[in-house]
Structure formats: C-alpha cells, structure tokens
1. Among the numbered criteria (1) outside any helix (DSSP H, G or I); (2) over 23 Å from Gln132 (Cα atoms), which one does Ala187 miss?
2. Which of the following residues is out of contact with any Asp or Glu (no Cβ under 9 Å at 6 or more places or on another chain) and under 26 Å from Glu481 (Cα atoms): Glu330, Glu339, Glu362?
3. Answer yes or no: is there a residue in segment 419-442 that is in contact (Cβ under 8 Å) with a residue 60 or more places away in the chain, over 29 Å from Gly323 (Cα atoms), of a type in the set (A, V, I, L, M, F, W, C) and touching an Asp or Glu at 6+ places or on another chain (Cβ under 9 Å).
4. Restricting to segment 716-765, give me the number of residues that are within 47 Å of the chain's Cα centre (by Cα) and of a type outside the set (A, V, I, L, M, F, W, C).
5. Could you list all residues from segment 430-443 that are part of a helix (DSSP H, G or I) and over 13 Å from Met493 (Cβ atoms)?
6. How many residues, within segment 583-600, are over 19 Å from the mean Cα position of the chain (by Cα) and surrounded by fewer than 20 Cβ atoms within 10 Å (Cβ to Cβ)?
7. Among Gly438, Gly448, Gly494, which is the only one that is of a type in the set (Gly, Ala, Ser) and crowded, with 22+ Cβ neighbours inside 10 Å?
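The values are calculated or read from the model by the stated rules, or taken from the named source; none is laboratory data. Since the model is a prediction, treat every value here as computed from it, not as a measurement. Heads up, the Cβs are rebuilt from the backbone with ideal geometry, glycines too, and the neighbour counts pull from every protein chain shown.
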Amino acid sequence: MSNHKIHTLDNLSLHEFDSETELIPLLTPEDEEEMNNEDLPDTLSILPLRNMVLFPGVVIPITAGRDKSINLINDAYAAGKIIGVVAQKNEEVEDPSQNDIYSIGTVARILRVLKMPDGNVTVILQGKKRFQIDSIVSETPYITSNITAVAEKRPTKKDSEFLAILDSVRELAIQIIKENPNIPSEATFAIKNIESQSFLINFVTSNMSLSVEEKQGLLSINSLKERALETLRYMNTELQKLELKNNIQSKVRFDLDQQQREYFLHQQMKTIQEELGGVSQEEEMDEMSAKAKTKKWDEKTQKHFEKELSKMRRMNPQAPDFGIQRNYLELFLDLPWGEYSKDIFDLKRAQKILDREHFGLEEVKKRMIEHLAVLKLRNDMKSPIICLTGPPGVGKTSIGKSVAEALGREYVRISLGGLRDEAEIRGHRKTYIGALPGRIIQSLKKAGTSNPVFVLDEIDKLSNSRQGDPSSALLEVLDPEQNNSFYDNFLEMGYDLSKVMFIATSNNMAEIQPALRDRMEIIKMSGYTIEEKIEIARQHLFPRQLTAHGLTTKDLSIGVKQLEKIVEGYTRESGVRGLEAKIAQVIRNAAKSIAMEEEYNKKVTNEDIVQVLGIPRLERDKYESNDVAGVVTGLAWTSVGGDILFIESLISPGKGTMTITGNLGNVMKESATIALEYIKANTELLGLNQETLSKYNIHLHVPEGATPKDGPSAGIAMLTSLVSVLTQKKVKKGLAMTGEITLRGKVLPVGGIKEKILAAKRANIKEIILCHENKSDIDEIKPKYVEGLTFHYVKEMSDVLAIAITDQKVKNAKKI
C-alpha cells in the first residue's frame, strides 16, 4: 500500500496531502447501496487522469492543469453535476481522444475545488459507480460521451469463501501498514472500521503500489469476489517485498553494528598489547617453532632460524619491523628445503611425451633424453643450464613443460622480458619497507619442491637500469658450479639450486651477455619446413583450435592441400603462431555459421579459405621477374628466422658513380663497393669495356627500405646483380644465393644456413649457391628438408657468375 497522494492530471509531480484521514470516508453499507441504485445520465463529461485510477467509494485529490480539464471541473462544480473519470493509456499524450483512454471508468462527484496560485486547480473527487464509454459525442470544449452503467456481480451474504477473503485482505492490509514506515498508523483504524465489503476492496486496491495498467485491470473485473482474490494476490507480493526489504536493512544495520563492535574490541586489544609488549603473539611463534622441527634443515640453517625467531619474540608487535620479520620467518618455513620430487626415469615414456607434444625438434628431444639417461645412471648429476634459441613460435617455451611432464617434476616459468631491476632476481634487503624475495625464491616456494623444471623465458630481452643489471644477477643462478648456494638478499641464506633444471629461451643469442652465454648449453631451434608446418597444423593446431572454439571434427575438417594453401599463401614465418591464428580465423567463420544456423562446408575448400582469409598476399613474393637485368634473389638471416632478399641494379647515362639505397648498414655498403671494384678489375674476364663503365651511373637498391639491413652475406648477390645489369643478361630463374666476397675474388662462408634454406624453400626456390665451406652445414640438415633443392658450392666469384648469369640477353638490352 502507498501513501495518500495528490495525483496529477498533467505534468505535475505528486504532492503530499496533510490531512490524510479526511480522505477516508467510512461508507456504510446503506451509503453504498444508495450509490449503486443511483441512476446515471446517458451522457457524461469525461475527465482523463494521467497516472491513477479512481475506484467507487474512494476519495482522491487531483491537480488539473490542462485547459480542458479546468473548464470541465468548473462547469460541473457550478452545476452540481457528476462527471466520468477514466485513466489514460499513455500519460505522455497531452490531448487524449477516445483511443487514448480506457473504456471502463468511474462516475465521480466533485466534493471541493481549490484554485492554486500557479493557475492550476486542485479538486477532491469521490467515486460512485463504474461505467463504460459507448461512444464519443463531442471533444470540445472537453470530451462528452454516451455511457452505460456497469453492474457489479456481488457474492451472496452466506458465501463463506468470500468472507474469508475479506478477512485476509483486512489482515494483510494491517500487516503492510505495520511493515511500511511511510504509511501513518491512523490508516489501521480506518481499515478496521470499514464495514462495506466492496468499499474495503476498492479502498485497499486504490492505495496499493500498482501501475495504472494493473489498477485498471482490477477496476475492469465485474465480479467482486474475483477482484478481491486478485487484490489479495497483489497484497501478498507487496508484503513479501516489504519484509525482504526490512530484513536486508536489518541485516545491514546488524553487520554495521558488529563491525563497530569488533573495531572497538580491536582497539582495546591493541592498547593491551602495547602495554604488555606483544606477549599475545606467543602462540603464533610457538606454532612456527613446532613447524621448524619438521623441516629438513642442516645445523647452520636451523640456528639461523632460531636466532631470527628469538629476535621476533623480543620485538614489539606494533613496531614496523615486526610484520617484515613475520613475513621473513613464514617464507623460511614455506620454502621446500631439501624436498625433491622423485624423477621418472622411463625413457620410452619420456620419448612418447616429447613426440606427442612436439613435431620435429629432433635435436632438442635427443638432448633431453640424453640428460634423463645420465641422470638415471648417476642420480646425482648437477642439472645443466640449457638455452633454446630460435625464432618466435617454434616451441621453445612449451618444450620446458613437456620436459617437466616427462621427468615428473613441477613446472615453473618466469618471463624475463623487459626485466631491469636486479632485485627481481636477488630480492630486496628485508630492512626496506615492502621488501620481497627475488622471483627465483618466490617461484620455488610456489613449486613446493627444490628440483622443478624452471623455464627462464626471453632471457635475451633483459635490460639494465640504475637499479642494477639483472643479467649479471643471473650469473650465479645459471652457473652449475656456484648455484648450490644461491644468495637471496631477502632470505640472507644460501639456497641450493643445483638440482633445479633451468631451461632458458631466447630469440637472438647476440643480445645475451657473453659471460651469461658462456654458462649455458646452446641448442638452436630453426624454423619449420612447409611439410613440418602442415603436420603440426594437422596434428596439433587444428584440433586445439577446434576445442577452443567449441567444435568437433564432425562440425569441421580440413585437408592437407588446404593447410598447405594457408601455409604458403598466408604465412611467411619460421614458427607456427601466425599459422595458428589463420586456422583459428577459418574455424571462427564456421562457428559463426553454426551459431546463426547458416549453411557452410563442413570440409574446408580452397574457395572457403580465400573467402575467409582473402586473396593470398605472400604468393607474389615467391618469384621475382627475370625479364629485367640486375634482379637477384639473396638469402638473409633475421632474429625471427630466415627470409629472401631481392637486390636490384639499374644503369643510366652519367659519370660512372654508384648510388646505394635501401636502408643498408655499413657492412652491406662495403660489400657493394667490393663487388663494383672487382668488376672494374676484371672487365676483360667479364666481357666489359673499362672506358664505357665511366659513362654510366649505377644504382643498387634493396627493396623494403623501411627495414634496416646489414651483414656480409649479400656480397655474391650484389656482385651478380651488378654483372647482370652491366652485361644486360638475365639471372637464372629459381636461383638464390648467399655468401661473403673479398677483393681477391674469394667467396667466404656465412651463418644461419638452415634458416636461409628454409626461407628459400618457402619461397619455392629450386637452386642455391653457397660457399663450399658451408657444405658441412647442409650435411647436418635432414635430407627430407632439402628435398627438391640443388646446391652449388663455389670458391671464387667467377664460379658464382658462371652459374647465375645466363647467355640470354634481356629484351631491349642496353649496349655498354
């Protein structure tokens, strides 16, 4: 039930009505009978109400502000006539018509009219009986309509069920008044003193917190018994809401009182502890002492702990150092001193786990199995420090997790990328506020054993600052001869890390501090071939992404040819991260079709791939036109794997100068200069005229000028490009080369051969020119990786030109 309000006809807010009891006339059954028997005229003036419904017998105050409403009230009040009151369907309508008002309303008598200073009119109405609008007679100056009285179906006086409903309504109304502090207690007396059955129902319904639609629905019910039942249902709901609201408020108030009580108790306890000097912490310290007896400490560690515990006993609990000392002792107790997990030396099982999780990577898996074999035989071997280096996405980090599973050890990983504070490794001294142990000790605490597999990710991305050099702090961690007593500043004790198996990962070994690099065993992980990528995608990436997207092989499948198209047309990387992203994109497209109930191909086709991923953007880089002289394909090594490099040369009339562009470093510029000087010194051998060389300018360019490039391995490619443009002869198709050149005409070996070979194969290169000393690098590569490639091993620059330059001149060749 709600407060008695003055409801508005217009855009006015609700106003409190002071003398609320004046609005509750206690109708007798005789008064009610007289109102029901009163005849109604055939035509009535209609007063629309915006936000309320008038019930028979109920008195309500309203405020009218619309001109039509004010005119109607003034005319009816002056003539002593009754009016018809109906509710609007939409209170926003300013000038309602027949379609904007309900058809069932209540005849009302105007009891009083008060003119307000703002020009509005406050009027008090009393409902008499219900009526129905038949038709609108006129809408000016206000609505007038033909009406028909609506009879009310009343139960018999002996209907016990109806009498029980009335008693329930009366009792619930009294309960609601008690539960709602906003309803005055005088309303209880009014409820108890109402004798008329229908007026009791109408009065309660009128004052409930219901919407206009709900109240209109109750007014439209012809049966008084049904209306009483519906009213009772609404009252039960309202009572439950009130009880729930009061319970919540009571609970919140109780919680607040409880918090205040606890606060005062804590304050009192704090005062007592200050007076007693912290003796209340004795129980906690006794627990620490008991836990220390279960630890596998040597005598030195045991004495150190007892000394620190004695220091804590003497400290005031309110002192700032007390919390630091407690954290220190808790760390001391939580560290897994002398606790080791039992290694699993089933080498066949370990091989299966490594083969299951990683395709290829034979050297890495071989090294891990060798370590397990030696550990099985000696059982006390110090764990070596292994560093896996290679381009991103080749599986360096995940190898550590597989090794941990194969060994049956805990797996710990910390990322060192961007780390520039030495304290992150060695910890802070505990004299500082907020001091913490280093990440090595913290990770061992989480692992719960002293021999986990510990992955140090991105060790080449360490940096230094005024806080120290983290890479220098790692020297002790990664030295098998020293890490049996690793000193952490916070721990202030040596901790044995010799049983920890450290696996570091990096992209570029040149970025690692030489002293740190010297302490690790380097295992290179090159990129994958196209065939390997296809198998990795088929066995690992596609099933994993299907599961991640909530699909199964019944929903989507992909063939080897389609995987090959994705690898060749949309990825040009050493690892498989980009490949996995493209596969996920294809699967997401299928998931969208399933969710939207659209048709799609359950077996991915080449057309589906083009539709989802777009036109292949990388296939155009596989070939470079050989119809133009001076275009040569070189091979380059980058921090993310191998890549192909195009070198272009052009001649134009001039004074014999050479221009070099393409964001090249000093070493590459020197290689271009050496190549040109070699040509000038061997013009007769190359069939060129020394005099005419001075009549042409030469421009050498390496595309992708926004990318910095440097290194000596492009020497023979630059030489071939210059000879091709000067002789106007084509370079052999499907050929790539790498090697350093000297002024004497020698070809020197270069590094990164495997990465470069893989890049050449991805670019569909068929022949490769290498220094003869790089043949050993090719022999180390599995034959299946170089299948389809032809290698030419050279010693002299003349050998390079003999293989690379064809006798066929290009169209429209210039004469030199």
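1. For Ala187, the exception is condition (1).
2. On the way: Glu330 fails: under 26 Å from Glu481 (Cα atoms); Glu362 fails: under 26 Å from Glu481 (Cα atoms).
Result: Glu339 is the single residue among Glu330, Glu339, Glu362 that is out of contact with any Asp or Glu (no Cβ under 9 Å at 6 or more places or on another chain) and under 26 Å from Glu481 (Cα atoms).
3. No, segment 419-442 contains no residue that is in contact (Cβ under 8 Å) with a residue 60 or more places away in the chain, over 29 Å from Gly323 (Cα atoms), of a type in the set (A, V, I, L, M, F, W, C) and touching an Asp or Glu at 6+ places or on another chain (Cβ under 9 Å).
4. The initial filter retains those residues of segment 716-765 that are within 47 Å of the chain's Cα centre (by Cα), namely 717, 734-739, 750-765.
Next cut, of a type outside the set (A, V, I, L, M, F, W, C) only: 734, 738-739, 751-752, 754-756, 761-762, 764.
Residues meeting the conditions: 11.
5. First, the residues of segment 430-443 that are part of a helix (DSSP H, G or I): 439-443.
Selection gives Arg439, Ile440, Gln442, Ser443.
6. Taking segment 583-600 first, the residues over 19 Å from the mean Cα position of the chain (by Cα) are 583, 586-587, 589-600.
From what is left, the residues that are surrounded by fewer than 20 Cβ atoms within 10 Å (Cβ to Cβ) are 589, 591-600.
Qualifying residue count, segment 583-600: 11.
7. Answer to the check: Gly438.
For (1) charged (D, E, K, R); (2) in contact (Cβ under 8 Å) with a residue 60 or more places away in the chain; (3) not assigned by TED's automatic domain parsing to the domain that holds Arg572, each residue gets a yes or a no:
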residue	(1), (2), (3)
Tyr340	no, yes, yes
Gly360	no, yes, yes
Glu370	yes, no, yes
Val374	no, no, yes
Gly390	no, yes, yes
Gly393	no, yes, yes
